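The values are calculated or read from the model by the stated rules, or taken from the named source; none is laboratory data. What you are looking at is a predicted structure, and each value in this text was computed from that prediction instead of being measured. With ideal geometry, Cβ positions are generated from the backbone for all residues, glycine too; neighbour counts draw on all protein chains shown. All accessible areas refer to the heavy atoms of the entire protein, side chains included, with ligands and DNA or RNA removed. Shrake-Rupley method; radii C 1.70, N 1.55, O 1.52, S 1.80 Å.
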Amino acid sequence: MKQEFRIENIANYVGQQVTLKGWLYASTRKGKLMFLRLRDGTGICQGVAYQPDLGEELFETLKRLGQESSLIVTGTVKENGRAPGIPGGYEIGIEAVEVLQNVEEYPITPKEHGVDFLMDNRHLWLRSSKQWAVMRVRATIKRAIIDFFDNNGFINIDTPIITPAAAEGTSTLFEVDYFEEKAYLAQTGQLYNEADIMAFGKVYCFGPTFRAEKSKTRRHLAEFWMVEPEMAFFDLEDLMDFEEQFVSYVVQTTIEKRRAELEFLERDLTVLENISAPFPRISYDEAIERIHALREATDDPELKEQLAIEWGDDFGAPHETELTKQFDKPVFVYGYPSQVKAFYMEPWPGRPEVCKSVDLLAPEGYGEIIGGSERMSDPDLLIAAIERHELPLEHYQWYVDLRQYGSVPHSGFGLGLERTVAWICGIEHIRQTIAFPRTLNRMNP
Ligand code: 4AD
Ligand code: MG
C-alpha cells in the first residue's frame, strides 16, 4: 500500500514536504505568526503559518477557521523540541492549505463541560485528545491480548451471542425473543469454550458480553468486551501462573507501543513498569482477615461501615479497593466461598463450601479485572450444582455430556477489556474506555 504521511510517524519525515489531511484542533496567533494544532486521527502536531509566506488572503482565512474545520495542509516537517503534540517535538512549516469545511461553533470547546453533556456528544467527544488517547491504548491492549494467545498455542473460536440459558447468574440476563422462544444475550462464552477445548486443547473467545447490571457503578457496563481463554489439563495453580504471564505481557507491550498516549494521559508509568510475574497470591480467608484488620484500624466511620463483611460474603468495590492498596502489583485472591460464585466451579478438596476460583484484582484501587476458576469435572457433582442453582437442566445437558466423554481437569478465565483499559490508562470511570458505552441510563448515541 502507498505510504501516506501520518502524524504518528512524523519523526521519519524531518526535512520533507508532507500533505496532512485532517482537522483543526485549536489555534493561537502572535502577529504575523499562527500556530495551528492539527490532528489527523493518528496524532496531534503543531503547524506554523507565517503571513509573509502564505499571503494576506490565506492567512486571513486561517484566522477565521473554527475548531474542527477540515483541511488539507502541505508543508515541511521540522524538529522543534518545544513543539506540543502527540508525539511532541515536531512541527510543520505550513506552505499551503485547502479548506474543505470551515466549522463555526463546534459544541465541545476547551472550556469545562459536564460529563452528561460530553456523553450526549460522545460522537464528537471521541475527537478530544484524552478520549482519543484512551481509544488508541484500548486498540493496542486488544491487539496485545490476541497476539499473546495466538503466539502461545491457542485457537480463536467464536461463541454464540444468543443463548438459551444463564451461565453467570439469572439476575443480569438480557432477554430476547428468539422466534417466540425466550433467549438471552450471552453473559460469557465460557461454557462453549469448555466444549471447544475437548476438540482443540486451548481456545479463546473474545467478543461482546451482555449483563443487565442494574447498578450505577464506575466499574459496570451493560455491554462489555471479554477475552476468555480455556485450557484442557490445567489446574488452579497452572491458571495463576498463566494469568500473571499474560497480564504482564499485555501491560509491558502497551507501554512499549503507546508511551506517548499514556504520558499524555499523565499515567504514572513507574507503577505499570513494575508489573511483572510473579504476582502475590492470597486466599479468600486471608483477604477477609486483612479487611477485618483494615476495618479495625480506620478512624473513618464511613469506611468502617463500607468495609463490614463476614466470611461467606462477596467483596464489594470498597473491599477490593482497600485490599489492592496493600499491593503494588495485581493480587490473586483464590478459594472464594462457593455460594458467591457461579455453579460450574470445582469444589476445594476437603472443603466443599469453598471453590477453586481465582480473581485477579488490579492495584491502585482498580479491583477485579479477571474472574476465573478450575471447572467441575465430575458429572454427578455438576448436575447437583445445576439443580442447587435452580437452573433448567435440559439446557445444560450438553455441558454435562462433556464430563461423560473424556473428562479432564480444565480451567479458564475471563478478562474484562474495559476494566483493564481503565486501569492501564489510570482513568476513573469505565464509561470512557469504550467508544459508545451502554450503561443503566444510556444507550445513546
Ligand atoms: O467474573 P466474571 O463474571 O467471569 C465470567 O464471566 C467467567 N465466565 C469468565 C471465565 O472464566 N471464562 O467476568 C469476568 C470479567 C470480570 O473480572 C470483569 O473484568 C469483567 O469480566 N466484567 C465486567 N466488565 C464491565 N462491566 C461488567 N458489567 C462486567 N462484568 C464482568
Ligand atoms: Mg467476577
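Inclusion of GLY88 among residues that are among the small types (Gly, Ala, Ser), part of a strand (DSSP E or B) and surrounded by 14 or more Cβ atoms within 10 Å (Cβ to Cβ) is not warranted. Note on segment 183-199: residues that are away from ligand 1 (no atom under 11 Å from the Cβ) and in contact with a Pro (Cβ under 8 Å, 6 or more places away or on another chain) total 2. Kindly provide the set of residues from segment 158-192 that are within 16 Å of ligand 2 (Cβ to nearest atom) and touching a Cys at 6+ places or on another chain (Cβ under 6 Å), ordered by number. Result: GLY189, single match. Looking across segment 193-211, the residues that are within 16 Å of ligand 2 (Cβ to nearest atom) and either at pLDDT below 95 or open to solvent by 10 Å² or more (accessible area, probe 1.4 Å) (or both) come down to PHE210, ARG211.
Suppose the filter is open to solvent by 40 Å² or more (accessible area, probe 1.4 Å) and within 26 Å of ILE427 (Cα to Cα); does GLU256 pass it? Here the answer is yes, as GLU256 does meet what is asked. The numbered conditions (1) surrounded by fewer than 22 Cβ atoms within 10 Å (Cβ to Cβ); (2) touching a Phe, Trp or Tyr at 6+ places or on another chain (Cβ under 6 Å) are all true for GLY372 except (1).
Regarding segment 287-296, can at least one residue be identified that is modelled with pLDDT of 95 or more, surrounded by fewer than 18 Cβ atoms within 10 Å (Cβ to Cβ) and within 28 Å of ASN9 (Cβ to Cβ)? No: zero hits. Scanning segment 212-243 for residues that are over 27 Å from SER283 (Cα atoms) and either modelled with pLDDT of 95 or more or within 8 Å of ligand 1 (Cβ to nearest atom) (or both) returns ALA212, GLU213, LEU221, ALA222, GLU223, PHE224, TRP225. Does segment 320-329 contain at least one residue that is in a loop (DSSP other than H, G, I, E, B) and of a type in the set (Ser, Thr, Tyr)? No, segment 320-329 has no match at all.
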